[in-house]
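The values are calculated or read from the model by the stated rules, or taken from the named source; none is laboratory data. Please read all numbers here as calculations on a predicted model, not as lab measurements. Cβ placement follows ideal geometry from the backbone for every residue including glycine, while neighbour counts extend to all protein chains displayed. Areas reflect the complete protein model, heavy atoms only, side chains present, ligands, DNA and RNA absent. Shrake-Rupley method; radii C 1.70, N 1.55, O 1.52, S 1.80 Å.
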Amino acid sequence: MNKKGHFIWTLLLIVVSLLLGFNAGRYYRVLRPQAIKAGQNKVNEALEIIGQNYVDTVDVERLTESAVIKMVSELDPHSSYIPAVDVEAANEDLESSFSGIGIQFNMPTDTIIVISVISGGPSEKAGLMPFDRIITVDDSVVAGKSLGTTKIMRMLRGQKDTKVKLGIQRGNSEELAYFDLTRGDIPNYSVDVSYKVSDDIGYIKVTKFARSTYSEFLTAIAKLKQEKVRGFIVDLRDNPGGYMESAIYMINEFLAKGQMIVYTQGRTYPRNDTRSNGKGSCQDAPLVVLINELSGSASEIFAGAIQDNDRGLIIGRRSFAKGLVQTKLDFSDRSELMLTIARYYTPSGRCIQKKYELGKSEEYNYDIYNRSVHGEFYSADSIKMVDSLEYKTSGGRIVYGGGGIMPDIFIPLDTVGTTSYASSLFNTGVLYKFALVYSDKNHDLLDKFSDYKALYEYLKQQPLAYELADYAVEYGVKKRPKLMDISKDLIENQLHAYIIRNFFDYEGFYPVIMKNDGTLKKAIEVIEKDIWKPEVFSKYKSEHENATKASASAHLFRDESAEFIYQKKFAM
């Protein structure tokens, strides 16, 4: 993968901290008789002096905001200040619900298209249907305006029990139908899907650790147990974390009584140990956890606890390496300070937080980009762990601190079928636009399929990749037949999955998109062959490492590769 491709990918996948600076002018003269007090009152004194004596009128409130932002930016990369206007949006993602109208939408061009209607929500009750087009919101025309997702989200969301009027175009009708909706609580799910990936192995995809994640997780486990599942694969790839408590409750389901889950400790916060209570429902079930470079925080607590207790195997690539704990502190104006107060430690005693320098968040955020450039995603040999940070699991296996969770089984990034042409289709969003346009155009036909498997079989018979190539020309992506031949299977898999998602949501999307996922295939093998057991894994490990080196070499010598940027649907 070239550096430009890595750079774009990294900027889209990691959160870059806001770094603000200001220039300090030379102090010429004291305008007040009393001295400026040192210490914690100095900022207040300075703001008061400026407000009373500066040559021009100044906005002291704005200066205060800037001062707080600057102070926080001089701390660790995960402490942050959230202005009052942004607090609701910042916290909403991890809450169990939010207030809205209950739709998922997309905008392939400049018109809002309803992708799905959330069961029991205001939109379903009012009669909205998938593939309706939202033309007006209250008295404002939104179609053809290119307003942007954020602005539309703010228009559709709002306080519970408030009303919004939508003007809807349905099918080919030239007349608008108007719907009066009363906003209500909309569930905010964090367990995308759970389904059987073999006769007796269940797969659970967890995208974040929100307030409701534990209850969703228990529901997923119960569902899979009813389907006679004996082992579980918990997928935490690309999961940035969230509430530590949710992760702790989930880990407890797999551990015997008295086992360490995690402990925290800070300068002013004494050590606090958390242990399992022995009431978990899956204490003996085979378990594999999937992680990658974007699995952070609570995901790493989950993986670290399972690994250090030798309870299951971790498969994938080295995790993000965030071992700091933040707490939320409220200001009187409703703004918030997310302040790092402690570090967390896995059961073996390791802190997996990577190195950082105070006030240098920008350098910190380039870590994943640098890891990619150095070849870490393709070869475990490129990962250098610090020997002085060596720890041991309960069974005596060596693990390391100071740099994330290193998986027990490393799986290199899969670049099979990736070319610059495929990259153009993915990164420009053209593939996803086509999937939505195709779904809309053929809605009456595709909606008749009773399950995703039947629809999938139909789609496999269609020349979708070549139709996409024709469509992409309109967006400046030129046809490249030779590269299409290389990438055709990959492109079609993406198309099939995203078209199916428009009709069967994640229940159909994941079984298709994961069909050729090498990490998932390895996890299934690990459970089926009992490799997850510590005594079996020790014999297996050396054989796998030799095979992985050969595979990594093949990946490193590819001329072209690309990362896939998956389109997100926005819930209202």
field: q = 0.23, 0.25 Å⁻¹, the range 478-540: log10 I(q)/I(0) [Debye, one scatterer per Cα]
entry: -0.90, -0.96
query: At 222 nm, what helix-only mean residue ellipticity would the chain give, in deg cm²/dmol to the nearest 500, using -39500 (n - 2.57) for each DSSP H run of four or more?
result: -11500 deg cm²/dmol
- line: Quick calc, the chain, dipole around Cα centre from Cβ unit charges on Lys, Arg (+) and Asp, Glu (-), nearest 20 debye, gives 980
field: Surface/4 estimate of mean projected area, convex hull on alpha-carbon atoms of the range 283-405, nm²
entry: 9.6
- request: Could you sort 312-319, 142-149, 117-124, 50-57 so that the peptide with the highest average Cβ count within 10 Å comes first and the rest follow in order?
  value: 312-319, 117-124, 142-149, 50-57
With every protein chain in place, the range 47-135: carbon and sulfur % of accessible area (1.4 Å): 53
statement: Projected onto their principal axes, the Cα atoms of the range 375-508 stretch, largest extent first, over whole-Å spans of 61, 36, 20
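What relative contact order, as a whole-number percentage, does the chain give when Cα pairs under 8 Å and 6 or more residues apart are counted? Intermediate values should be presented prior to the final figure.
Values: 1035 pairs, mean separation 82.5, N = 572.
With pairs under 8 Å counted, the relative contact order is 14 percent.
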- prompt: Using the heavy atoms of the protein chains alone and a 1.4 angstrom probe, what is the accessible area of the chain per residue in square angstrom?
  reply: 50
field: Ordering of 374-380, 391-397 by packing [mean C-beta count within 10 Å, highest first]
entry: 374-380, 391-397
field: Overall dimensions of the chain by Cα: Rg and Dmax, Å
entry: 26.0, 85
- line: Carbon plus sulfur, as percent of the 1.4 Å-probe accessible area of the range 421-501, comes to 50
query: When averaged across all projection directions, what area in nm² does the alpha-carbon convex hull of the range 175-334 cover?
result: 15.0
Rounded, prolate or oblate (a/c below 1.5 giving rounded, otherwise prolate when a/b exceeds b/c) for the range 104-189 by Cα gyration tensor: rounded
query: In the range 278-343, what percent of the accessible surface is made up of carbon and sulfur (1.4 Å probe, ligands and nucleic acids excluded)?
result: 47
query: Normalised by the number of residues in the range 39-177, what is the relative contact order in percent for Cα pairs under 8 Å and 6+ residues apart?
result: 15
statement: Rg/Rh over Cα atoms for the range 48-130, Kirkwood Rh, comes to 1.24
statement: Taking 249-256, 166-173 and ranking on average Cβ neighbours within 10 Å, highest first, one gets 249-256, 166-173
